[in-house]
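Encoded as structure tokens, the structure appears first; notes follow it.
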Amino acid sequence: MSKTAIIYSFNSNKTAKAGEKIKEAIGKSLDVEVVNAEDITEDKFLSYNQLILGVPTWFDGELPNYWDEFVPALEDLNLKGKTVAIYGLADQVGYPENFADGVGIMARLLRDRGATIVGSTKNEKYEFESSHALENGNFMGLVLDQENQARLSKKRIDDWVTEIVKVFKK
């Protein structure tokens, strides 16, 4: 049986709230364990077959400290057989030149180590200059902008969860 985790920082307010809404949208469709990203270890990370990661973009396109500090461990892991969906919060008005870069940084890092990245979303109704989260015109995960488009988040979450649950159930 596949083990699924949703991992985000319990101390990153908006990312945690989005994680709770994602977990709520998943409902009984999947058995999901919620894990604090600030307490993640290599063994814990590897114990899951399917992961949903909350990866906001900080400052000028950086990973948050808790993920950045885990990157050296990730770089040494073989993630073949892992399926990962990533969501991230970003601000397209305040940081248009590196909008949602954290999603792209994490997606590429994990994919380069053998993970399958799922849950891409369309780049529609966003206005920004550039983003490392874009690949072939789509975001490499779910991008939420609570600063400027909070009213769109519920539908974006619901649509994304519907898609990733289909993949995770296979």
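The values are calculated or read from the model by the stated rules, or taken from the named source; none is laboratory data. This one's a predicted model, so the numbers in the text were calculated from it and none came from an experiment. All Cβ positions, even for glycine, are placed from backbone atoms using ideal geometry, and neighbour counts span all protein chains on display.
Annotations for the structure displayed:
- Considering the range 35-81, the residues that are in contact with a helix residue (DSSP H, G or I) (Cβ under 6 Å, 6 or more places away or on another chain) and surrounded by fewer than 15 Cβ atoms within 10 Å (Cβ to Cβ) include one that is nearest to Tyr8 (Cα to Cα), namely Glu42.
- Matching residues, the range 108-133, being part of a strand (DSSP E or B) and closer than 22 Å to Arg151 by Cα: Thr121, Lys122
Condition check ((1) of a type outside the set (Gly, Ala, Ser); (2) more than 21 Å from Tyr8 (Cβ to Cβ); (3) surrounded by 13 or more Cβ atoms within 10 Å (Cβ to Cβ); (4) at pLDDT below 95) across all residues:
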residue	(1), (2), (3), (4)
Asp91	yes, no, yes, no
Tyr95	yes, no, yes, no
Asp101	yes, no, yes, no
Leu109	yes, no, yes, no
Val118	yes, no, yes, no
Leu134	yes, yes, yes, no
Met140	yes, no, yes, no
Ser153	no, no, yes, no
Glu163	yes, no, yes, no
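- Within the range 19-75, being among the hydrophobic types (A, V, I, L, M, F, W, C), in a helix (DSSP H, G or I) and under 26 Å from Val165 (Cβ atoms) holds for Ile22, Ala25, Ile26, Ala37, Phe45, Leu46, Trp67, Leu74.
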